[in-house]
Amino acid sequence: MKNMLHRIDTIVRYAKKKDVRVMIDAEQSYFQAAINRLCMEMMRTYNKEKAYVFNTYQCYLKDAFNMITTDLALSKREDFFFGSKLVRGAYMEQERLRASTLGYEDPILPTFEATTNMYETIVNEVMKSINDRPKGKIAVMIASHNEDTVRYTIEKMQEYGIKASDRLICFGQLLGMCDQISFSLGQAGYSVYKYVPYGPVEEVLPYLSRRTMENKGILAKVKKEKRLLRAELKRRILNFEWFYRPPQPNILSSK
């Protein structure tokens, strides 16, 4: 335990020195309470000038809203910067199997739609909190490959008067996944990051398989990307337009 705490403290201290952010991932619910406590302690210690440490909130959990509102209230009460990454969640099968085996209530929301509703409820709450506190006190990453979730977030940013240039809300997707979302966001001036997982093959492949499970329509999204690429390639060939600077995209378009 002491070694783990020392390593995390070393990472965060070095990140602060280099002025970069550390986003601590979420795990299964039966580990998450300890991870959450550790994240909040790191925020309390290092997020005094800006949000260096981000905690991850899994929106497929029934208790997700209570968890983030409790942490938001703590950061406000103790006046430190709050960083959060919002994801859907990736351990549904493990969570439900364990709950069934040990006889306790399933911690996961029953449907994809319920998870979407939870995600949007949390996004709305975070937006309100951003406006309730001094500018910059809250920073959020919307880590989603879901176009509707991204579109909802942008609509809420406009509703609450949060500009892309404020750099309070950023977006993240895996490298090679839903690039049409990432590139459109970047062209429109939003902060967007492409996440590159690395490590031993036996660890990376299960991680990527969980991301596929987490993203319900992944095959449909791949087909859409291929269709968009073919259409753009055809357009350039027919117009003899090999180099092209795209106009400002309409992020809210559902095409």
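Checking the a/c ratio against 1.5 first, then a/b against b/c, what shape does the Cα gyration tensor give for the range 1-60? Since a/c reaches 1.5 but b/c is at least a/b, the shape of the range 1-60 is classed as oblate. The stretch between residue 201 and residue 2 holds 68.8 nm of extra length on full extension. This uses 0.36 nm per residue minus the Cα-Cα distance. Along the chain, the exposed loop sites are GluC sites (Glu not before Pro) outside DSSP states H, G, I, E and B with at most 11 other Cβ atoms within 10 Å, and the longest stretch free of them is 106-240. For the chain, carbon and sulfur atoms together expose 57% of the accessible surface, with a 1.4 angstrom probe and every protein chain in place.
Sparsely packed loop sites in the range 68-143 (the chymotrypsin sites (Phe, Trp or Tyr not before Pro) outside DSSP H, G, I, E and B with at most 10 other Cβ atoms within 10 Å) comprise 104. When the Cα convex hull of the range 109-154 is projected onto planes of every orientation, the mean area is 3.5 nm². Label separation (residue 120 vs residue 101): 3.6 nm, computed from points 7 Å beyond Cα along the C-beta direction.
Could you report the accessible area of residue 178 in Å², rounded to 10, computed with a 1.4 Å probe on the protein chains as they sit in the structure? Its accessible surface works out to 0 Å², give or take rounding.
Taking 10 °C and 1.306 mPa s as conditions, the range 1-106 diffuses translationally at an estimated 108 µm²/s according to Stokes-Einstein applied to its Kirkwood radius (Cα pairs). What is the angle, in °, between the Cα long axis of helix 201-214 and the longest principal axis of the Cα atoms in the chain? Nearest 10 is fine, range 0 to 90. Result, in degrees: 80.
What does the charge count near residue 172 come to, summing +1 for each Lys or Arg and -1 for each Asp or Glu among other residues with Cβ under 10 Å from its Cβ?
Overall, the nearby charge balance is +2.
The trypsin sites (Lys or Arg not before Pro) of the range 123-196 meeting both criteria, a DSSP state outside H, G, I, E and B (loop) and at most 10 other C-beta atoms within 10 angstrom of the site's C-beta, are 135.
Bridging of residue 223 to lysines at a Cα separation below 27 Å is possible for 194, 234, 255, once same-chain residues fewer than 8 apart are set aside.
Just tell me which lysines come within less than 16 Å, Cα to Cα, of residue 76; anything on the same chain fewer than 8 places away is out. Within the straight-line cut-off, residue 76 pairs with 48, 50, 128, 135, 137. Length gained on full extension, residue 148 to residue 227, computed as 0.36 nm times the residue gap minus the Cα-Cα distance: 26.6 nm. In this label model, residue 160 and residue 188 are separated by 1.7 nm, measuring between points 7 Å along each Cα→Cβ vector.
The values are calculated or read from the model by the stated rules, or taken from the named source; none is laboratory data. The model shown is predicted, which means the values in this text are computed figures rather than measured ones. Every residue, glycine among them, receives a Cβ derived from its backbone with ideal geometry; neighbour counts consider all protein chains shown. Side chains included, ligands, DNA and RNA excluded: accessible areas come from the protein's heavy atoms. Shrake-Rupley method; radii C 1.70, N 1.55, O 1.52, S 1.80 Å.
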